[in-house]
Amino acid sequence: MKYLFILLSLLFVTVGNAAQVDLKESEFGWYASKIGGEHFGKILLKEANLDEKEGKVVGGVFVMDMKSFTVENIDSAEYETKFLNQMKSPDFFDMEKFPTATLKINKVDGNNAEGVLTIKGKSNPVNFTLEQNGELVTGKITFDRTKYDMIYRSKNFFENLGDKIIYDEVILNFKVKIVET
(Lines give C-alpha, C1' and ligand atoms only; values in the text may rest on other atoms or scores of the structure.)
Protein backbone atom coordinates (compact mmCIF):
# COMPACT_ATOMS: atom_id res chain seq x y z
CA MET A 1 0.00 0.00 0.00
CA LYS A 2 2.87 2.35 0.84
CA TYR A 3 4.42 1.78 -2.61
CA LEU A 4 1.10 2.43 -4.34
CA PHE A 5 0.82 5.78 -2.55
CA ILE A 6 4.38 6.73 -3.59
CA LEU A 7 3.71 5.68 -7.19
CA LEU A 8 0.49 7.70 -7.35
CA SER A 9 2.24 10.72 -5.80
CA LEU A 10 5.00 10.57 -8.40
CA LEU A 11 2.46 10.26 -11.20
CA PHE A 12 0.58 13.30 -9.88
CA VAL A 13 3.76 15.39 -9.74
CA THR A 14 4.84 14.29 -13.22
CA VAL A 15 1.50 14.89 -14.91
CA GLY A 16 0.70 18.16 -13.18
CA ASN A 17 -2.58 19.71 -12.16
CA ALA A 18 -5.72 20.57 -14.05
CA ALA A 19 -6.59 24.25 -13.83
CA GLN A 20 -10.19 25.42 -13.82
CA VAL A 21 -11.11 28.01 -16.46
CA ASP A 22 -13.57 30.87 -15.90
CA LEU A 23 -15.71 30.48 -19.03
CA LYS A 24 -17.49 33.83 -18.51
CA GLU A 25 -14.20 35.74 -18.45
CA SER A 26 -12.61 33.81 -21.34
CA GLU A 27 -13.08 34.21 -25.09
CA PHE A 28 -11.61 33.89 -28.54
CA GLY A 29 -11.44 36.89 -30.82
CA TRP A 30 -11.32 36.41 -34.59
CA TYR A 31 -10.07 38.65 -37.40
CA ALA A 32 -10.41 38.14 -41.16
CA SER A 33 -9.92 40.45 -44.12
CA LYS A 34 -10.86 40.88 -47.73
CA ILE A 35 -9.84 43.27 -50.48
CA GLY A 36 -12.55 45.74 -49.42
CA GLY A 37 -11.92 45.68 -45.67
CA GLU A 38 -11.93 43.56 -42.58
CA HIS A 39 -14.23 41.99 -40.02
CA PHE A 40 -13.71 40.89 -36.44
CA GLY A 41 -15.69 39.54 -33.53
CA LYS A 42 -15.79 37.02 -30.70
CA ILE A 43 -16.46 33.37 -30.02
CA LEU A 44 -17.29 32.20 -26.51
CA LEU A 45 -15.99 29.03 -24.91
CA LYS A 46 -18.33 26.13 -24.24
CA GLU A 47 -15.76 24.09 -22.31
CA ALA A 48 -12.12 24.49 -21.37
CA ASN A 49 -9.42 22.94 -19.28
CA LEU A 50 -5.76 23.68 -18.84
CA ASP A 51 -3.01 21.44 -17.56
CA GLU A 52 -0.40 23.09 -15.36
CA LYS A 53 2.93 21.96 -14.05
CA GLU A 54 4.69 24.08 -11.44
CA GLY A 55 2.22 26.90 -12.09
CA LYS A 56 2.82 27.00 -15.86
CA VAL A 57 0.43 25.91 -18.61
CA VAL A 58 1.69 22.76 -20.34
CA GLY A 59 -1.44 21.70 -22.23
CA GLY A 60 -5.17 21.95 -22.46
CA VAL A 61 -8.29 21.94 -24.57
CA PHE A 62 -10.61 24.80 -25.56
CA VAL A 63 -14.02 24.02 -27.04
CA MET A 64 -15.44 27.06 -28.85
CA ASP A 65 -19.21 27.48 -29.11
CA MET A 66 -19.51 28.43 -32.78
CA LYS A 67 -23.13 29.46 -32.35
CA SER A 68 -21.89 32.30 -30.12
CA PHE A 69 -19.95 33.72 -33.11
CA THR A 70 -20.34 37.52 -33.33
CA VAL A 71 -19.19 40.29 -35.64
CA GLU A 72 -18.37 43.59 -33.96
CA ASN A 73 -17.66 46.02 -36.77
CA ILE A 74 -20.86 46.04 -38.82
CA ASP A 75 -23.22 48.93 -38.04
CA SER A 76 -26.20 47.85 -40.14
CA ALA A 77 -28.45 45.24 -38.48
CA GLU A 78 -29.48 43.98 -41.92
CA TYR A 79 -25.88 43.50 -43.10
CA GLU A 80 -24.86 41.98 -39.75
CA THR A 81 -27.62 39.36 -40.07
CA LYS A 82 -26.60 38.62 -43.66
CA PHE A 83 -22.94 38.30 -42.66
CA LEU A 84 -23.67 36.00 -39.69
CA ASN A 85 -25.94 33.81 -41.82
CA GLN A 86 -23.07 33.47 -44.32
CA MET A 87 -20.67 32.48 -41.49
CA LYS A 88 -23.17 29.87 -40.25
CA SER A 89 -23.55 28.35 -43.73
CA PRO A 90 -21.56 25.44 -45.22
CA ASP A 91 -19.49 28.02 -47.16
CA PHE A 92 -17.80 28.85 -43.87
CA PHE A 93 -18.35 27.19 -40.47
CA ASP A 94 -21.45 25.06 -41.19
CA MET A 95 -22.56 25.66 -37.62
CA GLU A 96 -25.65 23.50 -37.81
CA LYS A 97 -23.51 20.44 -38.55
CA PHE A 98 -20.44 21.57 -36.56
CA PRO A 99 -21.58 23.62 -33.53
CA THR A 100 -18.12 23.56 -31.91
CA ALA A 101 -14.48 24.04 -32.87
CA THR A 102 -11.57 22.87 -30.72
CA LEU A 103 -8.04 23.94 -29.94
CA LYS A 104 -5.93 21.32 -28.22
CA ILE A 105 -2.60 22.44 -26.76
CA ASN A 106 -0.12 19.57 -26.91
CA LYS A 107 3.17 21.24 -26.01
CA VAL A 108 4.37 24.54 -24.55
CA ASP A 109 7.99 25.64 -24.69
CA GLY A 110 8.45 29.15 -23.33
CA ASN A 111 6.01 31.31 -25.32
CA ASN A 112 5.79 28.83 -28.18
CA ALA A 113 2.96 26.33 -28.26
CA GLU A 114 2.00 23.46 -30.52
CA GLY A 115 -1.43 22.02 -30.88
CA VAL A 116 -4.25 20.91 -33.12
CA LEU A 117 -7.07 23.16 -34.35
CA THR A 118 -10.27 21.39 -35.38
CA ILE A 119 -12.91 23.24 -37.39
CA LYS A 120 -15.72 21.59 -39.39
CA GLY A 121 -14.37 18.18 -38.39
CA LYS A 122 -10.99 18.92 -40.01
CA SER A 123 -7.92 18.85 -37.76
CA ASN A 124 -4.62 20.54 -38.59
CA PRO A 125 -1.49 21.19 -36.54
CA VAL A 126 -0.91 24.78 -35.41
CA ASN A 127 2.03 26.58 -33.87
CA PHE A 128 1.22 29.73 -31.95
CA THR A 129 2.30 32.13 -29.24
CA LEU A 130 1.07 31.60 -25.72
CA GLU A 131 1.75 33.85 -22.75
CA GLN A 132 0.81 33.43 -19.14
CA ASN A 133 0.62 36.32 -16.74
CA GLY A 134 -0.65 35.01 -13.42
CA GLU A 135 -4.20 33.79 -13.94
CA LEU A 136 -4.47 35.14 -17.50
CA VAL A 137 -3.39 33.03 -20.48
CA THR A 138 -3.34 34.67 -23.92
CA GLY A 139 -2.44 33.45 -27.35
CA LYS A 140 -2.47 34.23 -31.04
CA ILE A 141 -3.05 31.68 -33.79
CA THR A 142 -2.92 32.36 -37.52
CA PHE A 143 -4.44 29.70 -39.76
CA ASP A 144 -5.40 29.12 -43.38
CA ARG A 145 -9.19 28.79 -43.58
CA THR A 146 -9.02 26.72 -46.78
CA LYS A 147 -7.48 23.83 -44.81
CA TYR A 148 -10.86 23.60 -43.06
CA ASP A 149 -12.95 23.49 -46.27
CA MET A 150 -13.74 27.21 -46.22
CA ILE A 151 -12.82 28.05 -49.80
CA TYR A 152 -15.56 30.61 -50.53
CA ARG A 153 -14.05 33.51 -52.55
CA SER A 154 -10.49 32.25 -52.07
CA LYS A 155 -8.23 33.37 -54.92
CA ASN A 156 -6.47 30.00 -54.63
CA PHE A 157 -9.65 28.19 -55.68
CA PHE A 158 -11.56 30.66 -57.87
CA GLU A 159 -10.54 32.87 -60.78
CA ASN A 160 -11.79 36.32 -61.77
CA LEU A 161 -12.99 37.32 -58.30
CA GLY A 162 -11.73 40.87 -58.74
CA ASP A 163 -12.44 42.87 -55.59
CA LYS A 164 -14.55 40.03 -54.12
CA ILE A 165 -11.51 38.09 -52.80
CA ILE A 166 -11.57 37.04 -49.15
CA TYR A 167 -8.07 36.36 -47.85
CA ASP A 168 -7.32 32.86 -46.58
CA GLU A 169 -5.49 33.91 -43.41
CA VAL A 170 -7.61 34.11 -40.24
CA ILE A 171 -6.31 35.22 -36.86
CA LEU A 172 -7.60 33.90 -33.54
CA ASN A 173 -6.61 35.70 -30.37
CA PHE A 174 -7.62 34.15 -27.09
CA LYS A 175 -7.69 35.18 -23.49
CA VAL A 176 -8.43 32.59 -20.89
CA LYS A 177 -8.79 33.29 -17.19
CA ILE A 178 -7.73 30.59 -14.76
CA VAL A 179 -9.84 30.31 -11.63
CA GLU A 180 -7.61 30.41 -8.59
CA THR A 181 -8.30 27.54 -6.24
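Quick notes
- In the set (1) touching a strand residue (DSSP E or B) at 6+ places or on another chain (Cβ under 7 Å); (2) among the charged types (D, E, K, R); (3) under 28 Å from Arg153 (Cα atoms), Glu80 fails one condition alone, (1).
- Subset of the range 48-58 [farther than 16 Å from Gly29 by Cα and either buried (at least 17 other Cβ atoms within 10 Å of the Cβ) or in contact with a strand residue (DSSP E or B) (Cβ under 8 Å, 6 or more places away or on another chain) (or both)]: Asn49, Leu50, Asp51, Glu52, Lys53, Lys56, Val57, Val58
- Residue in the range 25-76 that is nearest to Ser123 (Cα to Cα), counting only those that are free of Cβ contacts under 8 Å to residues at least 60 places away in the same chain and polar (S, T, N, Q): Asn49
- Restricting the range 143-174 to residues that are charged (D, E, K, R) and surrounded by 14 or more Cβ atoms within 10 Å (Cβ to Cβ), the residue that is farthest from Gly121 (Cα to Cα): Lys155
- Scanning the range 81-124 for residues that are at positive phi and modelled with pLDDT under 95 gives a single hit, Gly110.
- Residue list for the range 34-44, filter: surrounded by fewer than 16 Cβ atoms within 10 Å (Cβ to Cβ) and farther than 14 Å from Ile74 by Cβ: Ile35
- Meets criteria (in a strand (DSSP E or B) and not acidic (Asp, Glu)) for Asn49: yes
The values are calculated or read from the model by the stated rules, or taken from the named source; none is laboratory data. Only a predicted model underlies this, so the values are computations on that prediction, with no experimental measurement involved. Glycine gets a Cβ as well: all are built from the backbone with ideal geometry, and neighbour counts include every protein chain shown.
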